[in-house]
Amino acid sequence: MVGLVLSPEQVKSAPPEVRAWLHTLLEAEYGGPDLRPGRDEHAALAALAPEEAAALLDRIRGDFLTTQVFFEFGRDPVGTAQVPPNLHRVAIPDILRHTQIGDVQHFAACLDAITATFRALRGDPDAALFAFDQGGGCYVHATTRQSIHAVWRQLAGALPRPQPGPEAS
């Protein structure tokens with residue numbers, strides 16, 4: 001077996017056929033519908049409730065990298081990609097860059113962990129949380145994004161604020 005390690009910059013600057021190949025690898029691993037704008041297959045993506053997002057986080061919180069990937073799906077939308085209204089698209093190269101994951105295999109392992117945990121929570125071995133497009137995008141239901149974002153905001157609000165040191169006096 002040969003491993004492949006690509007930096008986020010390499011993925012971002014890869015020719016369209018290489019990005020399509022990476023998409024094919026992820027699609028083969030995770031399944032999911034073709035999500036070109038205007039398609040209706042996205043209805044199969046599960047909408048994660050805030051309570052489920054919190055429970056999922058509780059189960060993965062021991063894995064720092066997986067937790068980082070999980071929170072990437074709660075980021076505010078960026079970019080101008082046309083996305084159906086009940087979906088949230090995150091560019092895979094952006095996730096790799098924000099989390100500093102050096103290769104697609106580690107990213108895939110994180111998605112595996114999130115997917116397995118989600119399916120166990122739902123008690124549904126076929127539940128789909130993610131889908132991919134040909135342009136290197138990973139999708140979740142818009143409700144899932146909002147739920148993950150709400151968990152992040154709650155967690156960030158619960159953190160103690162740093163106290164000024166003696167030199168601040």
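Just so it is clear, none of the values below were taken in a lab; they were calculated from the coordinates. Just so it is clear, the model here is predicted, and its values are computed rather than measured. Positions of Cβ are generated from backbone atoms using ideal geometry, with glycine treated the same way; all protein chains shown enter the neighbour counts.
Mind checking the full-extension length gain between Ala116 and Gln154? Use 0.36 nm per residue of separation minus the Cα-Cα distance, one decimal, nm.
Using 0.36 nm per residue and subtracting the Cα-Cα distance, I get 11.3 nm.
Kirkwood hydrodynamic radius of the range 48-157 from all distinct Cα pairs, in Å? Walk me through the numbers on the way to the answer.
Working: mean 1/r = 0.0712 Å⁻¹.
So the Kirkwood estimate lands at 14.0 Å.
Using a Förster distance of 41 angstrom, determine the FRET efficiency expected from the C-beta separation of His98 and Asp126, and round it to 0.05.
Values: r = 29 Å, r/R0 = 0.71.
E between His98 and Asp126, to the nearest 0.05, is 0.90.
For the range 48-157, what is the charge dipole size about the Cα centre, in debye to the nearest 20, if Lys and Arg each add +1 at the Cβ and Asp and Glu each add -1 at the Cβ?
About 200 debye.
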